[in-house]
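The values are calculated or read from the model by the stated rules, or taken from the named source; none is laboratory data. Note that the structure is predicted; figures quoted are calculated from it, not measured. No Cβ is skipped: glycine too gets one built from the backbone with ideal geometry, and neighbour counts run over all protein chains shown.
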Amino acid sequence: MADKIATRQSYGKALVELGAVHQDIVVLDADLSGSTMTKEFAKVYPERFFNAGIAEANMYGMAAGLAISGKTVFASTFAIFAAGRAFEIIRNSIGYTGANVKICATHAGLTVGEDGASHQAIEDLALMRTIPGMTVLNPADDVSARKLLKAAADMQGPVYVRLGRAAVPVIYEEETDVQIGKALTLREGKDYTIIATGILVSQAADAAEQLAGEGIDVRVIDMHTLKPMDEEAVVKAAMETKGIVTVEEHSVIGGLGAAVAQICCAKAPAKVSFVGIRDTFGESGKPDELLEKYGLTAAHIADAVRAMQ
Amino acid sequence: MDKKALQEKAALIRQHIIREVYHAGSGHPGGSLSATDIMTVLYFNEMNIDGHNPLDPNRDKFVLSKGHASPVLYACLAEAGFFPKEDLVTFRKLDSCLQGHPSMLKLCGVEMSTGSLGQGFSAAVGMALANRLDGKTSRVYAMLGDGELQEGIVWEASMAASHYGLDNLCVIVDHNGLQIDGWNCDVMGVMPIAEKFRAFGWNVLELDGHDIDAILARLAEARQHKGTPTVLVAETHKGKGVSFMEDQAGWHGKAPNREQAEQAMAELGGVL
């Protein structure tokens, strides 16, 4: 059994490492530093950490001002308050200005768990994708989260990074080359392709394993960068396999599935089916129970592939 | 610049505002004219800025949080040498650097893209924080409308500026009493403004926003004040300087026709 680490823990660790390299990094939080793990940075670099209080709109406005003044700003809260509540501030003050702000949003998706629907952001990727110039990242595990965060710090401009609350399996070796905009292929396959993003990538890999036992050869792609998306990987999957199943812990409206379908429609027509949250809100429950109830487990993904036959 | 020169500069800026809005056929003259005297003093006396060295790392910064008053900002920047005055007539036209609301990526000299109310203030707080982190003595100024105070983010930003003791930040509230739908007190009461900022821990200075001496004096006081941010609550008149625009909500976001523009220019001592 692989180690399990929540990507927000990876974030806390990465920030401390990045803080030593980038003297211009400033970190903001909105009274959730113990949950988003920015407290780790605050402990080591208290002079470069600012709590904005429970005021997400102003936090992202201040982040813009700091970034425009030359800082590399990491500003964190839960995804629902970042992408949701502060959407228009992020759009106008960070997106429109191209400010160098990394919006690192934790507690995304249903796996927030017991807090329930009010705290489960299932539309954040859709919202952030629509902002011109916004890079949108959704790492699958600890290794890719840390590597993508480093890449985000090294690039200029706004980046949205989706991070999870629940511990998820570590699927990559420390040596794995992870680059923004370049999808990772976990497994080659010639029959069908599963394109997954975020914490469900490991479920997708498990589904492919089950299907291999049935003689169905499935390619598994980790689309950690929602924008700019690796179009080449999508087009290849569309042309080389008989169908694509997209997998995301997000609404099927406007997220990974919609982006993949858009590429297929324009460049390589293919059969695409969508594993994600239907047009509904979540509810309280344990992360595993929620993934089961809302159809987001390896078994559900395998069923979606079988249904393509 | 002395008082007389500043008054002459303010008159020129008011003429630019009328020209810009007239040629664009749209825009916001009322709140531009109310802010003109304060902006003139900021750009031609108070702030350390240079139109020929606009990216000087030690410059003071001004954020027009009430971004719809872009005509007065553009007029000040043009007069200060940031871009040619002839370009003012391109305001709001396709491919112009002079967007309807200020865009920092389109025009050098605009320190922050604004237009969505309250956000410029919030960014100014971040800029003041950055100056302090970098050990800079330069200052950050932000101008807000009084209707803008209805935005929740304004009070989030006020709390933060006070919490972090940003005495390098000076906010000016252009208190002309009017917003698009009418008087503030009828739309959504914002009074008492001074008491609200005092309660948030700010150094509050009140003044007549059309009295050059008072503006000079209050800005000097703000510079001397240490420990907390300063807000200047400036009593102004919307449409100031153009008789038929003064204190009229209808001139918040409307361009004059040719006849009206000519009359306005005559009152301001210029020609269209």
Handout entry: Matching residues in segment A:250-282 - criterion: being touching a Gly at 6+ places or on another chain (Cβ under 6 Å) and either farther than 20 Å from A:ASN138 by Cα or free of Cβ contacts under 8 Å to residues at least 12 places away in the same chain (or both)
Key = A:LYS271
Problem - Of all residues in segment B:124-147 being more than 15 Å from the chain's Cα centre (by Cα) and either more than 10 Å from every other protein chain (Cβ to nearest Cβ) or in contact (Cβ under 8 Å) with a residue 60 or more places away in the chain (or both), the one that is nearest to B:HIS101 (Cα to Cα) - result: B:MET127
Practice task
Enumerate the helices (runs of 4 or more DSSP H) found wholly within segment A:200-309, keeping only those where 3 or more residues are at pLDDT 95 or above, buried (at least 17 other Cβ atoms within 10 Å of the Cβ) and of a type in the set (Gly, Ala, Ser).
Solution key: A:201-212, A:231-240, A:256-267, A:298-306
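Is there a residue in segment B:151-161 that is away from chain A (no Cβ under 14 Å), in a helix (DSSP H, G or I) and either crowded, with 22+ Cβ neighbours inside 10 Å or free of Cβ contacts under 8 Å to residues at least 24 places away in the same chain (or both)?
Within segment B:151-161 (the criterion being away from chain A (no Cβ under 14 Å), in a helix (DSSP H, G or I) and either crowded, with 22+ Cβ neighbours inside 10 Å or free of Cβ contacts under 8 Å to residues at least 24 places away in the same chain (or both)), the answer is no, since none of the residues qualifies.
Do you know which of the residues in segment A:31-79 that are in a loop (DSSP other than H, G, I, E, B) and more than 10 Å from chain B (Cβ to nearest Cβ) is surrounded by the most Cβ atoms within 10 Å (Cβ to Cβ)? It would help to see each step written out before you state the result.
First, the residues of segment A:31-79 that are in a loop (DSSP other than H, G, I, E, B): A:31-32, A:37-38, A:45, A:52-55, A:69-71.
Among the residues that remain, those that are also more than 10 Å from chain B (Cβ to nearest Cβ) are: A:31-32, A:37-38, A:45.
Details: A:ASP31: 15, A:LEU32: 19, A:MET37: 26, A:THR38: 28, A:TYR45: 17.
Restricting to residues being in a loop (DSSP other than H, G, I, E, B) and more than 10 Å from chain B (Cβ to nearest Cβ), the top hit is A:THR38.
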Exercise for the section: Answer with yes or no whether B:GLY120 is within 24 Å of B:HIS225 (Cβ to Cβ) and in contact with a Leu (Cβ under 9 Å, 6 or more places away or on another chain). Expected result: yes
Exercise for the section: Within segment A:80-89, work out how many residues are facing another protein chain (nearest Cβ under 10 Å) and either within 18 Å of the chain's Cα centre (by Cα) or not acidic (Asp, Glu) (or both). Expected result: 2
Exercise for the section: Would you mind finding the one in A:ALA121, A:ALA82, A:ALA99, A:ALA105 that is under 15 Å from B:ALA123 (Cα atoms) and crowded, with 24+ Cβ neighbours inside 10 Å? Expected result: A:ALA99
Practice task
Mind listing just one residue for me: the one in segment B:90-108 that is within 14 Å of another protein chain (Cβ to nearest Cβ) and of a type outside the set (S, T, N, Q) and, of those, surrounded by the most Cβ atoms within 10 Å (Cβ to Cβ)?
Solution key: B:PRO102
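How many of the residues making up segment B:163-179 are in contact (Cβ under 8 Å) with a residue 40 or more places away in the chain and part of a loop (DSSP other than H, G, I, E, B)? I'd like the intermediate steps shown before the answer.
Just the residues of segment B:163-179 that are in contact (Cβ under 8 Å) with a residue 40 or more places away in the chain, to begin with: B:165-179.
From what's left, part of a loop (DSSP other than H, G, I, E, B): B:165-168, B:176-177.
Going through segment B:163-179 one residue at a time, the tally reaches 6.
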Practice task
Spot the failing condition for B:ASP247; the list is (1) surrounded by fewer than 21 Cβ atoms within 10 Å (Cβ to Cβ); (2) part of a loop (DSSP other than H, G, I, E, B); (3) on the phi < 0 side of the Ramachandran plot, and only one is missed.
Solution key: (3)
